[in-house]
Amino acid sequence: MRVLVIGSGAREHALVVALRRDPGVSAVCAAPGNPGIAQQADVRPVDPCSAEAVVALATDYDADLVVIGPEVPLVLGIADAVRAAGIACFGPSASAARIEGSKAFAKDVMAAAGVRTAHSEIVDHPGELDAALDRFGPTWVVKDDGLAAGKGVVVTPDRSAARDHAAELLEQGHPVLLESFLDGPEVSLFCLVDGETVMPLLPAQDHKRVGDGDIGPNTGGMGAYTPLPWLPDDAVTEIVETVVKPVAAELVRRDVPFSGLLYAGLAMGQAGPAVVEFNCRFGDPETQAVLALLDSPLGELLNATATGTLDRAEAPRWQDGAAITVVLAAENYPARPRTGDVITGVGPESAEPNTEVLHAGTSLREDGALISSGGRVLNVVATGADLTEARSHAYARIAGIKLAGSHFRTDIALGAVESRIAIPSS
């Protein structure tokens, strides 16, 4: 099977690494890829949001399967164009991708499916904002109703900060979603979904805030880990049965069946799981940790989903132990990041056991030097017998990487290791 991966980040790098482990995958190409991916696969300079360009490349490459990583191409209907060209595609239609592209659509689907989520209200006019804010609190959750790369959310007990963020979004012409605050630790659960067939992967936990101790603004994700020692053994089954399957069935009922990766972000509260958000694709950086433990052929699973045969596929097998992802970010991220700085210490001569460096925001200078080109620059992914060992490997490896002004969180998975995370009890 020849596979074309669309995207250029660490998520796509992780997909390429896992696909190369699949003996049934004979060739992998990524578009547009990045310098790290280029060491492991063909890369082509294609605009991932151009349906014409993606279809032309898939045809020219003789791809058997196209895997679309980022959300924007999915929302724009690139998967529809690939399937219309007669090529199998892992990724939902534009209609089904609205589960991420429009929070209002997602809320409507959840209401119809009877799925627990936060109370919410859409505000699309500045004159309605103050009255709407008065109906929420004492903790305000303010979201951009559209795509915001994980950074359009403010969660704050400060009403003025909530108002400022909402007013800024409205000024930019973006409707605002106000939500009630959900209690409990968050879980990311990825599920392969083919119509009403749902196959869960390992649950993970993302670290959204930029600083240690969950301080500072939200980011696209500063790290993640799996498994979750504090999550009850039956929690994944409960989430699948009460959240993912009802939503998948509702999308089928609406004649917009989902095919691809449905990501449920949940708060595990006192009353059970409640949905924080849905994404229509593999999450970043959780994917990097989850795929590090995958023991099944990834290409086989993605192809079964894309070709409507997931109901006949074997459930994924997983390696024992734990995996952690730590994100190295550029100076000033998540605001406007500094770019163009040289990165050193990522070569094989700097390798640490059980670790891999995945590229996210990197490029090559004319003289061949590796430089930063985005906010989240690199991911260090490490495995170990448990989270303590995985953390040790990851932080030993990231300590050897040099990038002027860069920063990373030092507490990824630490709360789980120190047994400080628990689901609230009644």
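The values are calculated or read from the model by the stated rules, or taken from the named source; none is laboratory data. Nothing here was measured: the structure is a model prediction, and the numbers come from that model. Reconstructed Cβ throughout: ideal geometry from the backbone, glycine too, with neighbour counts over all protein chains shown. Calculation scope for accessible area: heavy atoms of the full protein, side chains included, ligands and nucleic acids excluded. Shrake-Rupley method; radii C 1.70, N 1.55, O 1.52, S 1.80 Å.
Could you please give the count of residues in the range 328-380 that are among the hydroxyl-bearing types (Ser, Thr, Tyr) and free of Cβ contacts under 8 Å to residues at least 40 places away in the same chain? Show your work before the answer.
Step one: filter the range 328-380 for residues among the hydroxyl-bearing types (Ser, Thr, Tyr), giving 333, 339, 344, 350, 355, 362-363, 372-373.
Pick out the ones that are also free of Cβ contacts under 8 Å to residues at least 40 places away in the same chain and you get 339, 373.
Residues flagged as among the hydroxyl-bearing types (Ser, Thr, Tyr) and free of Cβ contacts under 8 Å to residues at least 40 places away in the same chain within the range 328-380 amount to 2.
Considered as a group, the residues in the range 96-122 that are assigned to a strand (DSSP E or B) and not hydrophobic (A, V, I, L, M, F, W, C) include one that is surrounded by the most Cβ atoms within 10 Å (Cβ to Cβ), and that residue is THR117.
Exactly one residue among LEU231, LEU261, LEU182 is over 28 Å from THR139 (Cβ atoms), under 21 Å from the mean Cα position of the chain (by Cα) and of a type outside the set (Lys, Arg), and that residue is LEU261. Summed over the range 253-275, the residues that are open to solvent by less than 50 Å² (accessible area, probe 1.4 Å) and not in a strand (DSSP E or B) give a count of 2. Summed over the range 44-67, residues that are open to solvent by less than 70 Å² (accessible area, probe 1.4 Å), in contact with a strand residue (DSSP E or B) (Cβ under 8 Å, 6 or more places away or on another chain) and not in a helix (DSSP H, G or I) total 7.
Looking across the range 166-186, the residues that are within 28 Å of GLN270 (Cβ to Cβ) and either in contact (Cβ under 8 Å) with a residue 60 or more places away in the chain or surrounded by fewer than 21 Cβ atoms within 10 Å (Cβ to Cβ) (or both) come down to LEU177, GLU179, SER180, PHE181, LEU182, ASP183, GLY184, PRO185, GLU186. Selection of the range 381-426 for residues being of a type in the set (Ser, Thr, Tyr), under 18 Å from PRO353 (Cβ atoms) and in contact (Cβ under 8 Å) with a residue 40 or more places away in the chain yields THR383, TYR395.
Would you point out the residue of the range 128-142, among those that are assigned to a strand (DSSP E or B) and either touching a Gly at 6+ places or on another chain (Cβ under 9 Å) or aliphatic (A, V, I, L, M) (or both), that is surrounded by the fewest Cβ atoms within 10 Å (Cβ to Cβ)? This residue is VAL141. Where strands (runs of 3 or more DSSP E) fall wholly inside the range 295-411, the ranges with 2 or more residues that are within 21 Å of ILE215 (Cα to Cα) are 322-329, 376-384. The condition of being modelled with pLDDT under 90 and open to solvent by less than 60 Å² (accessible area, probe 1.4 Å) holds for VAL153.
Selection over the range 205-227 of residues that are open to solvent by 10 Å² or more (accessible area, probe 1.4 Å) and either in a loop (DSSP other than H, G, I, E, B) or aromatic (Phe, Trp, Tyr) (or both) gives a count of 6.
Here the condition is being at pLDDT 95 or above, open to solvent by 10 Å² or more (accessible area, probe 1.4 Å), in contact with a Leu (Cβ under 9 Å, 6 or more places away or on another chain) and not β-branched (Val, Ile, Thr); of ALA306, ALA235, ALA248, it holds for ALA306 alone.
If only residues of the range 16-43 that are within 18 Å of ASN303 (Cβ to Cβ) and in contact (Cβ under 8 Å) with a residue 60 or more places away in the chain are counted, the one that is surrounded by the most Cβ atoms within 10 Å (Cβ to Cβ) is LEU19. Just so you know, in the range 68-95 the residues that are among the hydrophobic types (A, V, I, L, M, F, W, C) and part of a loop (DSSP other than H, G, I, E, B) include one that is most open to solvent (accessible area, probe 1.4 Å), and it is LEU76. Give the residues of the range 9-43 that are part of a helix (DSSP H, G or I) and among the small types (Gly, Ala, Ser), sorted by residue number. ALA10, ALA14, ALA18, GLY36, ALA38 - these are the residues of the range 9-43 that are part of a helix (DSSP H, G or I) and among the small types (Gly, Ala, Ser).
Does LEU189 count as open to solvent by 10 Å² or more (accessible area, probe 1.4 Å), at pLDDT 90 or above, among the aliphatic types (A, V, I, L, M) and not in a loop (DSSP other than H, G, I, E, B)? No, not satisfied. Within the range 357-373, restricting attention to residues that are surrounded by fewer than 19 Cβ atoms within 10 Å (Cβ to Cβ) and of a type outside the set (S, T, N, Q), the residue that is nearest to VAL153 (Cα to Cα) is ILE371.
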